[in-house]
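K.L.:
I'd like to ask you about the structure that follows.
The values are calculated or read from the model by the stated rules, or taken from the named source; none is laboratory data. The shown structure was predicted, so the numbers you read here are calculated from the model rather than taken from an experiment. Reconstructed Cβ throughout: ideal geometry from the backbone, glycine too, with neighbour counts over all protein chains shown. Protein only, heavy atoms only, side chains kept; ligands, DNA and RNA dropped before computing areas. Shrake-Rupley method; radii C 1.70, N 1.55, O 1.52, S 1.80 Å.
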Amino acid sequence: MMHPKTITPLKVRYEFIEKVEKTGDYTVVFTLKRPILNALAKFTFKIIPRHGPANPEYLTREDPFARAPIGTGPYMLKTITGDGEVVLLANPDYFKGRAHIDKFIAKPFADQNIMAQALMFNAVDMIVLVNPRNLPEVQGDKRFVLQPYNALSYSFFGYNMRNPLLADRRVRQAIAEAINREEMLNSFFNGQGTLISGPFAPGSWAYNLDVKPLPFNPERARSLLARPDTRPAPTA
């Protein structure tokens, strides 16, 4: 993965690894470039068989292994069509037992609305993400079972701290308190979600329940923007 000739956006996931050493038949030692929070979870990557890639040093998109990968999961790849449709067959040798569904076909869609319409017209059997605006239509159809789950994802505003105005904490706080996020949640996500206080989803172990989200308070936002900067000027 870290070889210069391996071209993949997943490479950034392994940049924290300094080196890897085999110290025994069943032992591998990873040395990291710096301390990493919850490092063990970052090592849940797939193991590529030695006989898989044509080149054992690096992986390219032209390698046959990239189009016909080998794994040890519950399903085996059968085909990938030119338009991106993936066909998987149950692996009879899966260590937890053969999967109950014989064949799984994953189809690409341009957007969530088209995917929801395909569900409504029986073109697909299941979708894993329903556009909040399509929820009433799906919920009202007795053919479907809607199973809510925590997606561990969030939407946010990212500030460019190199901008001197946005580098001021009061400006960022004023923007946060001037925006009615509850109204946005109801309008854009049909009320399906939670207002959070930081860059972690509520289902994450790292989410701090003691830190409350800033309330919608336009008057306070105005006062923050009107307040003079009392911080000492930098010295030469």
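K.L.:
Along the positive direction of the dipole of the chain (beta-carbon charges: Lys, Arg +1; Asp, Glu -1; about the Cα centre), which of Pro213, Gly24, Tyr75 reaches farthest?
P.N.:
Gly24
K.L.:
Moving on to the next point. What FRET efficiency comes out for the pair Ser155/Asp210, r = Cβ-Cβ distance, R0 = 22 Å, nearest 0.05?
P.N.:
0.45
K.L.:
With a cut-off of at most 15 other beta carbons within 10 Å, and DSSP calling the residue loop, which GluC sites (Glu not before Pro) in segment 1-62 qualify? Please list them.
P.N.:
The qualifying sites are Glu15, Glu57, Glu62.
K.L.:
Which three lengths, in whole Å and largest first, does segment 135-221 cover when its Cα atoms are put on their principal axes?
P.N.:
Ordered largest first, segment 135-221 gives principal extents of 54, 29, 24 Å.
K.L.:
Follow-up. Accessible area per residue for segment 1-128 in Å², computed with a 1.4 Å probe and the full protein assembly in place, what is it?
P.N.:
Per residue, segment 1-128 has 79 Å² of solvent-accessible surface.
K.L.:
Sorted by mean Cβ packing within 10 Å, highest first, what order do the peptides 145-152, 1-8 take?
P.N.:
Ranking, from highest mean packing down: 1-8, 145-152.
K.L.:
Return the equivalent ellipsoid semi-axes of the chain as a descending list in whole Å, where each equals the square root of 5 times an eigenvalue of the C-alpha gyration tensor.
P.N.:
After diagonalising the Cα gyration tensor, the semi-axes are 42, 31, 17 Å.
K.L.:
Considering only C-alpha atoms, what is the centroid distance from segment 100-117 to segment 132-172, in Å?
P.N.:
22
K.L.:
Local charge sum around Gly198 (other residues, Cβ-Cβ under 14 Å, Lys/Arg +1, Asp/Glu -1)?
P.N.:
Value of the local net charge: +2.
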